[in-house]
Amino acid sequence: ASTPAERLDARPELPAAQALAARALSSRAADGLLRPLLGALLCDPELTTSSRIGDLVLRDFARGGLCLPAGGAVSVPRALADGLPPGTVRTGVRVLSVAANAVVTRDHGTIRCRAVLIATGARDAAELLPGLRVPDFHPVTVLHHAVEGPAPTDEPLLLLDADRRGPVAYTAVASAVDPSRARPGRALVTSVVLGAAASEPPGVLDRAARAQLAGLYGVPTGRWELLAVHHDPLAVPAAPAPHDPRRPVRVLYGLYVCGDH
């Protein structure tokens with residue numbers, strides 16, 4: 001937490017798993033805490049990610065922890081849009097091509113401009129700018145369960161399964177962090193599956209997850225209601241070593257690409 005980012009950047013760059021093994025840590029600390037925690041923070045259970053990214057993510061976690069936006073993830077873009085003048089944001093507009101001074105749309109003609117910023121996923125950006133680098137991705141599946149009655153825990157905890165007893169990498173009672181996520185008398189449990197297991201069919205994942213979650217929370221899970229399963233095969237761009245986190249966002253003057261990719 002107290003190490004300057006410049007010192008972390010000066011360390012030799014390795015895959016995060018190798019860097020963890022090379023440091024003077026007890027196996028209990030490395031395998032029982034840091035390995036599953038890093039895998040969760042990076043969405044990379046095999047820890048192929050650059051150790052420099054891993055170090056910075058651990059530093060941020062140690063300094064500030066984790067949080068959830070009140071009201072759900074949709075509240076973030078909604079808050080950004082609410083601060084803009086009316087008519088600024090247009091939705092449902094299909095873009096066909098871009099240039100530094102114009103955006104060509106399918107049904108709304110050509111929009112002239114002084115600059116264009118493409119803030120989309122990597123594959124959509126590459127369709128608009130052929131030749132743009134598209135990285136590999138880490139898949140993620142999120143399961144949401146509703147629990148009638150008392151919550152498995154009232155504390156805002158991130159539970160990690162260091163023993164990998166099932167598909168879930170980590171889980172939390174989301175309504176203990178943000179009460180607006182569940183109706184009165186109910187709790188919302190959110191669990192995340194990473195790696196190859198994230199591609200399993202929803203029914204298979206749910207059955208395996210329930211048995212694992214019963215052990216993690218110490219309560220029966222058979223009557224939990226599965227509200228939703230969200231699978232994203234392109235959830236997190238891979239950042240294997242060597243990785244440059246400061247790639248330029250300017251393609252040319254007036255044309256920019258940004259995003260976690």
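Couple of notes before you dig in:
- Selection count where residues are within 10 Å of P240 (Cα to Cα) and not in a helix (DSSP H, G or I), scope the stretch 49-67: 2
- Of the residues R164, R133, the single one that is open to solvent by 80 Å² or more (accessible area, probe 1.4 Å), at positive phi and within 26 Å of the chain's Cα centre (by Cα) is R164.
- Total residues in the stretch 189-200, condition free of Cβ contacts under 8 Å to residues at least 60 places away in the same chain, open to solvent by 20 Å² or more (accessible area, probe 1.4 Å) and either of a type in the set (S, T, N, Q) or within 13 Å of L226 (Cβ to Cβ) (or both): 1
- Every residue from the stretch 246-261 that is touching a residue at least 40 places away in the same chain (Cβ under 8 Å), closer than 19 Å to G39 by Cα and surrounded by fewer than 17 Cβ atoms within 10 Å (Cβ to Cβ): none
- Selection over the stretch 208-236 of residues that are outside any strand (DSSP E or B) and either without any contact (Cβ under 8 Å) to a residue 40 or more places away in the chain or crowded, with 17+ Cβ neighbours inside 10 Å (or both) gives a count of 12.
- Of all residues in the stretch 136-155, those that are crowded, with 18+ Cβ neighbours inside 10 Å have Cβ atoms under 9 Å from Cβ atoms of residues that are part of a loop (DSSP other than H, G, I, E, B) and of a type in the set (D, E), 6 or more apart or on another chain, in H138/D44; T141/E200.
- For the residues E46, E13, the requirement of being modelled with pLDDT of 90 or more, open to solvent by 80 Å² or more (accessible area, probe 1.4 Å) and part of a loop (DSSP other than H, G, I, E, B) singles out E46.
- Of all residues in the stretch 125-144, none satisfies being within 30 Å of G218 (Cα to Cα), of a type in the set (F, W, Y) and at pLDDT 95 or above.
- Highlighted here are the strands (runs of 3 or more DSSP E) found entirely within the stretch 105-190 that include at least 2 residues which are among the hydroxyl-bearing types (S, T, Y) and touching a strand residue (DSSP E or B) at 6+ places or on another chain (Cβ under 6 Å): 168-173.
- Extreme residue, modelled with the lowest pLDDT, among residues of the stretch 49-71 that are surrounded by 14 or more Cβ atoms within 10 Å (Cβ to Cβ) and hydrophobic (A, V, I, L, M, F, W, C): L68
- All positions within the stretch 72-100 that are open to solvent by less than 90 Å² (accessible area, probe 1.4 Å) and under 18 Å from E127 (Cα atoms): G92, V93, V95, S97, V98, A99, A100
- Subset of the stretch 20-35 [in a helix (DSSP H, G or I), within 20 Å of R63 (Cβ to Cβ) and either open to solvent by 50 Å² or more (accessible area, probe 1.4 Å) or touching a Lys or Arg at 6+ places or on another chain (Cβ under 8 Å) (or both)]: L20, L33
The values are calculated or read from the model by the stated rules, or taken from the named source; none is laboratory data. Here the structure is a predicted model, which is why all the values come from computation and not from measurement. Please note: Cβ atoms are built from the backbone with ideal geometry, for glycine as well, and neighbour counts cover all protein chains shown. These area figures cover heavy atoms from the full protein model, side chains too; ligands, DNA and RNA do not enter into them. Shrake-Rupley method; radii C 1.70, N 1.55, O 1.52, S 1.80 Å.
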